[in-house]
């Protein structure tokens with residue numbers, strides 16, 4: 001049995017390899033699922049994916065995998081977004097981030113977006129994901145570190161920032177400028193090293209463990225819930241993916 005996992009800043013490849021015996025690939029981009037389907041894996045897990053400067057994974061290529069009976073799991077980041085959009089077609093979402101997008105509690109892609117380092121550094125995150133910030137602030141409120149009013153200010157200033165600029169240091173500074181008492185800001189800063197949450201990593205780990213368990217148990221091929229249309233646009237995308245694959249080899 002085999003599985004393919006696309007991961008990066010949410011769960012470094014080195015950490016993923018400790019959890020599952022699978023092919024660990026970089027964050028998914030457009031065409032990658034098409035190429036993977038040709039190898040007939042038993043399951044595909046999508047955690048992270050490229051966007052902005054690199055074309056994002058296409059919904060239809062995930063449907064292509066599903067139409068070939070390959071279970072596709074999504075969590076944490078790009079995987080959570082696509083699973084929320086495609087769960088009605090059989091893509092399997094894992095974790096709280098997926099559930100929040102599926103249920104409409106979250107809608108914006110910037111909730112999971114981060115800027116990160118290169119593969120050589122394990123895709124080290126260089127900004128903080130909004131979903132992580134929300135969870136951390138919620139825990140700070142529950143633990144009496146922040147008042148509800150302060151939590152709302154922290155959350156508002158974080159959401160107003162471009163995703164590339166989000167850091168706890170900057171958020172705390174702007175929250176103080178926005179009226180949060182210096183004593184609360186200082187208390188939050190002191191608590192943060194032990195209290196911060198990484199919701200994306202938590203969900204990514206859950207996905208890897210779920211895929212590992214299901215594959216080890218002899219995962220049955222998925223039955224597609226739809227008819228896959230072989231359109232002209234799809235034929236072009238399929239051909240383009242093949243050419244890119246040949247160049248990468």
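Work the Kirkwood hydrodynamic radius out for segment 144-249: mean of 1/r over every pair of different alpha-carbon atoms, inverted, in Å.
Hydrodynamic radius (Kirkwood, Cα pairs) of segment 144-249 is 18.9 Å.
Using packing as a proxy for protection, rank 193-200, 224-231, 72-79 so that the peptide with the highest average count of other Cβ atoms within 10 Å comes first.
Values: 193-200: 16.5, 224-231: 11.1, 72-79: 30.8.
The densest-packed peptide leads the list: 72-79, 193-200, 224-231.
Hey, what angle do you get for helix 182-195 against the long axis of the chain, alpha-carbon based, 0 to 90 degrees rounded to 10?
Orientation of helix 182-195: about 40 degrees from the principal axis.
Tell me, what is the Rg over Rh of segment 1-106, with Rh the Kirkwood radius over Cα pairs?
0.94
Across all directions of projection, what mean area in square nanometres is found for the Cα convex hull of segment 119-195?
Reported value for the Cα convex hull: 5.1 nm².
List the equivalent ellipsoid semi-axes of the chain in whole Å, largest first, each obtained as the square root of 5λ for an eigenvalue λ of the Cα gyration tensor.
36, 18, 17
With a 10 Å radius around each residue's Cβ, average the other Cβ atoms per peptide and rank 161-170, 94-103, 42-51, highest first. Don't skip to the end; give the middle numbers.
On the way: 161-170: 15.4, 94-103: 20.9, 42-51: 24.9.
In decreasing order of mean packing, 161-170, 94-103, 42-51 become 42-51, 94-103, 161-170.
Once the Cα atoms of helix 148-160 and of the chain are each reduced to a long axis, what angle between those two axes, in degrees from 0 to 90 to the nearest 10, is obtained?
50
Taking Cα pairs under 8 Å and at least six residues apart, what relative contact order does the chain come out at, in percent?
Averaging sequence separation for qualifying contacts and normalising by length gives 24 percent for the chain.
Taking the chain as the reference, fit the longest principal axis to its C-alpha atoms, fit the long axis of helix 168-177 to the helix C-alpha atoms, and give the angle between the two in degrees, 0 to 90, nearest 10.
With rounding to tens, the tilt is 40 degrees.
If I take the Cα coordinates of segment 155-205 and project them onto the principal axes, what are the three extents in Å, biggest first?
Principal extents (Cα only, largest first): 37, 25, 13 Å.
We did not get these values from a lab; they are worked out from the coordinates using the rules stated. For clarity, every value in this text was computed on a predicted model and none was experimentally measured. In this analysis, Cβ positions are derived from the backbone assuming ideal geometry, glycine residues included, and neighbour counts consider all displayed protein chains.
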